[in-house]
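A short write-up of the structure that comes next.
No lab work stands behind these numbers, since they all come straight from the coordinates. The shown structure was predicted, so the numbers you read here are calculated from the model rather than taken from an experiment. Quick reminder, even Gly has a Cβ in these numbers, built from the backbone with ideal geometry, and neighbours come from all protein chains shown.
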Amino acid sequence: LFRMLRSALSVSGRVASSGVRALSNSSVANAKPSKEEVSEVFQDNAASSRRHAFSLNRVELIGGVAEMPRKMVAKNGKDYVMFNVITNLRNKTSTGEVVDRADRHSVTAFGRLAEIVEEKVAKGTRVLVHGRLHQSGGVLQEDGNRTPRQTYVQAETVQLLAKGGDRF
């Protein structure tokens, strides 16, 4: 065992000193994998193994509401509310000039949250929105073109930041 390790390490040392990057520290000659080995690596259920990998889709916005929330009706007949939150950013350019930028974020709220937002939120209201990014569109049409993809925040909670800070 010791001789095998020493020979493997000496091979990798020679490869490293020659400027070539080693792909394996194994002293075993490259062998062609069997079909079973290839099938195991590229298995059909590879997506299911990624499903349980760590991921996070989280958005927090603090800003002002740009306009009155608009009540909409979904394809399933249920009501939802859309509104825009404006966030501000101040940056310095490479020349030292200070530039202010305002970003508009489209937010949607569903169910009871939609009803409360419609009742309590108005243009100019300062809010804290917790939610997740959601995309719609990008559907392939018969002519080969795709519909435009739209990204918006799907609200999970909305908290008023002025006059008591109601959270709903």
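A compact table of results
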read-out	value
Gain in span if fully extended, Lys32 to Leu161, counting 0.36 nm per residue against the direct Cα distance	40.1 nm
Ellipsoid semi-axes in whole angstrom, largest first, where each is sqrt(5λ) of the Cα gyration tensor of segment 92-134	32, 13, 7
Per-pair calculated FRET efficiency, R0 = 22 Å: Gln154 and Asp103 via Cβ, rounded to 0.05	0.80
Cα-based convex hull volume of segment 59-160 per residue, rounded to whole Å³	132 Å³
